[in-house]
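S.K.: Sharing a structure here in structure tokens format.
Here, each number is a calculation from the coordinates, and none is a lab measurement. This is a predicted model, so every value here is computed, not measured. All Cβ positions, even for glycine, are placed from backbone atoms using ideal geometry, and neighbour counts span all protein chains on display.
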Amino acid sequence: MAATIAPRSVPFFNYPWLFKSQEKEIMETLREVMSRGAYIMQRDVEEFENNIREFLNVKFAYGVADGTEAIIMGLLAAGIKPGDEVIVASHTMVATASAVHWVNAKPVLVECGKDHMIDPASIEASITKKTRGILPTQLNGRTADMDAIKKIADKHNLIIVEDAAQALGSKFKGKNAGTFGKAGTFSLFPAKVLGCFGDGGIVVTNDADVAKSLERLRDHGRAVGEREITGWGFNSRLDNIQAAILNLKFKTYPAAIERRRKIATMYQQLLGDLKELQLPPAPGTDERHFDIFQNYELEAERRDELRKHLEEHGVKTLIQWDGKAVHQWKNLGFTEKLPKTDEVFKRCVMIPLNLALEDQDIEYVAQTVRKFYKG
Ligand SMILES: *Cc1c(COP(=O)(O)O)cnc(C)c1O
């Protein structure tokens with residue numbers, strides 16, 4: 001039996017720590033980049049895109065304004081057209097569905113499975129004559145069963161675009177999240193595993209035509225080296241200052257992933273025997289998956305009471321997406337009935353998992369959860 005840990009406060013996420021933990025290097029980076037006057041589409045963005053290409057083993061990568069615009073441009077470049085239906089898991093950020101909306105296509109919401117990833121059977125059941133795409137969310141740092149999804153896409157001639165906002169470095173059978181379909185997108189929001197100090201995003205592809213479209217879409221319809229406006233575009237460029245900071249953070253990214261997996265393993269060891277909980281699959285339990293644990297989302301009996309107990313003992317928790325799956329936001333007008341997802345949203349909760357935490361914080365969280373169920 002491990003020693004009891006004295007009460008402490010464990011925030012869900014520690015934003016000031018992001019700066020404090022690397023203050024000196026960050027300030028040096030800012031000074032260097034700003035002294036160069038390098039703000040928009042400069043060499044730091046290029047270097048960042050190279051880093052991402054190499055890391056994901058993908059041919060093209062573009063830094064863009066944020067993870068939501070990354071999806072919008074990914075869908076447009078991949079060929080989703082007005083009136084098309086695009087299948088999205090309801091257990092995702094509203095941004096996934098709104099991206100589909102803003103390309104004038106229709107998001108069709110489907111169920112998630114036991115591991116909270118989009119459910120292939122539910123995808124298949126939702127296909128109509130208008131279905132044109134599947135937009136799986138690589139949720140919580142895990143990659144969906146892309147064999148099953150690709151099989152459905154091939155059978156029905158559908159385009160896959162991945163919302164891998166939470167999954168930079170996550171793999172399925174050795175292949176990176178974001179590289180399975182026509183395009184894949186990532187978010188660099190501060191709380192993501194690779195976050196900047198503001199908004200940022202990435203779109204990747206292996207398809208040269210999609211790449212050319214993305215290049216144009218993110219910069220007013222102009223591709224690099226083109227003097228002609230080739231079509232309508234956005235201003236959706238990743239800030240060069242953010243790219244410079246991301247390059248700095250990228251040096252320790254593999255270590256960051258390893259630490260997250262270590263914390264997930266600790267939670268498994270400390271909580272795995274509690275029958276009241278359903279923990280996410282631990283690292284190494286299914287060799288097809290390499291998860292990066294953007295979040296540690298579990299299901300818990302008497303969830304709301306558990307949260308209250310944890311809060312009273314200094315541990316902050318969160319229910320993803322402000323507590324609702326996309327189809328549950330009544331003002332958006334969805335009519336899908338998704339009982340499995342409804343059930344998950346009565347039980348799901350995220351406990352702290354981030355790089356600011358020490359082992360003792362993890363042990364204290366686990367101890368406090370155990371005390372709730374075991375007294
Ligand atoms: C964070 C997130 C987004 C949106 O990313 P932004 O950079 O905030 O626009 C989209 N989808 C998922 C699954 C996310 O977690």
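S.K.: Kindly evaluate residue 64 against the criterion of being closer than 30 Å to residue 346 by Cα and within 16 Å of the ligand (Cβ to nearest atom). Reasoning before the result, please.
M.R.: Numbers: closer than 30 Å to residue 346 by Cα: no; within 16 Å of the ligand (Cβ to nearest atom): yes.
When the stated conditions are applied, residue 64 does not pass them.
S.K.: Taking residue 224, is it more than 30 Å from residue 300 (Cα to Cα), of a type in the set (Val, Ile, Thr) and either within 16 Å of the ligand (Cβ to nearest atom) or part of a strand (DSSP E or B) (or both)?
M.R.: Values: more than 30 Å from residue 300 (Cα to Cα): yes; of a type in the set (Val, Ile, Thr): yes; either within 16 Å of the ligand (Cβ to nearest atom) or part of a strand (DSSP E or B) (or both): no.
Judged against the criteria, residue 224 is not a match.
S.K.: Restricting the search to region 261-299, which residues are closer than 30 Å to residue 176 by Cα, free of Cβ contacts under 8 Å to residues at least 24 places away in the same chain and in a loop (DSSP other than H, G, I, E, B)?
M.R.: Answer for region 261-299, where residues must be closer than 30 Å to residue 176 by Cα, free of Cβ contacts under 8 Å to residues at least 24 places away in the same chain and in a loop (DSSP other than H, G, I, E, B): 272, 279, 282, 283, 284, 285, 286, 287.
S.K.: Look at residue 324 and say whether it is within 16 Å of the ligand (Cβ to nearest atom), within 26 Å of residue 105 (Cβ to Cβ) and of a type in the set (Lys, Arg).
M.R.: Here the answer is yes, as residue 324 does meet what is asked.
S.K.: Just one of 77, 105 is of a type in the set (A, V, I, L, M) and either in contact with a Pro (Cβ under 7 Å, 6 or more places away or on another chain) or without any contact (Cβ under 8 Å) to a residue 24 or more places away in the chain (or both); which is it? Steps first, answer last, please.
M.R.: Values: 77 fails: either in contact with a Pro (Cβ under 7 Å, 6 or more places away or on another chain) or without any contact (Cβ under 8 Å) to a residue 24 or more places away in the chain (or both).
The unique qualifying residue is 105.
S.K.: Taking the criterion of being of a type in the set (S, T, N, Q) and part of a helix (DSSP H, G or I), would at least one residue in region 115-123 satisfy it? Step through it out loud before you land on a result.
M.R.: At the first step, the residues of region 115-123 found to be of a type in the set (S, T, N, Q) are 122.
Right, trim to part of a helix (DSSP H, G or I) and you get 122.
For region 115-123, residues of a type in the set (S, T, N, Q) and part of a helix (DSSP H, G or I): present.
Each row is one residue, and each column tells you yes or no for (1) of a type in the set (S, T, N, Q); (2) within 16 Å of the ligand (Cβ to nearest atom); (3) surrounded by 14 or more Cβ atoms within 10 Å (Cβ to Cβ).
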position	(1), (2), (3)
33	no, no, yes
104	yes, no, no
117	no, yes, yes
120	no, no, yes
126	yes, no, yes
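S.K.: Which residues, taken from region 166-194, are touching a Phe, Trp or Tyr at 6+ places or on another chain (Cβ under 7 Å) and within 14 Å of the ligand (Cβ to nearest atom)?
M.R.: Correct list: 168, 170, 178, 190, 191, 194.
S.K.: Another question, then. In region 300-322, is there at least one residue being buried (at least 21 other Cβ atoms within 10 Å of the Cβ), assigned to a strand (DSSP E or B) and over 21 Å from the mean Cα position of the chain (by Cα)?
M.R.: yes
S.K.: Working carefully through the options 48, 55, find the one that is within 16 Å of the ligand (Cβ to nearest atom), part of a helix (DSSP H, G or I) and aromatic (Phe, Trp, Tyr).
M.R.: 48
S.K.: Using the structure shown, decide if residue 197 is more than 10 Å from the ligand (Cβ to nearest atom), among the aromatic types (Phe, Trp, Tyr) and either part of a loop (DSSP other than H, G, I, E, B) or touching a residue at least 12 places away in the same chain (Cβ under 8 Å) (or both). Spell out how you get there, then give the answer.
M.R.: On the way: more than 10 Å from the ligand (Cβ to nearest atom): yes; among the aromatic types (Phe, Trp, Tyr): yes; either part of a loop (DSSP other than H, G, I, E, B) or touching a residue at least 12 places away in the same chain (Cβ under 8 Å) (or both): yes.
So residue 197 passes the test.
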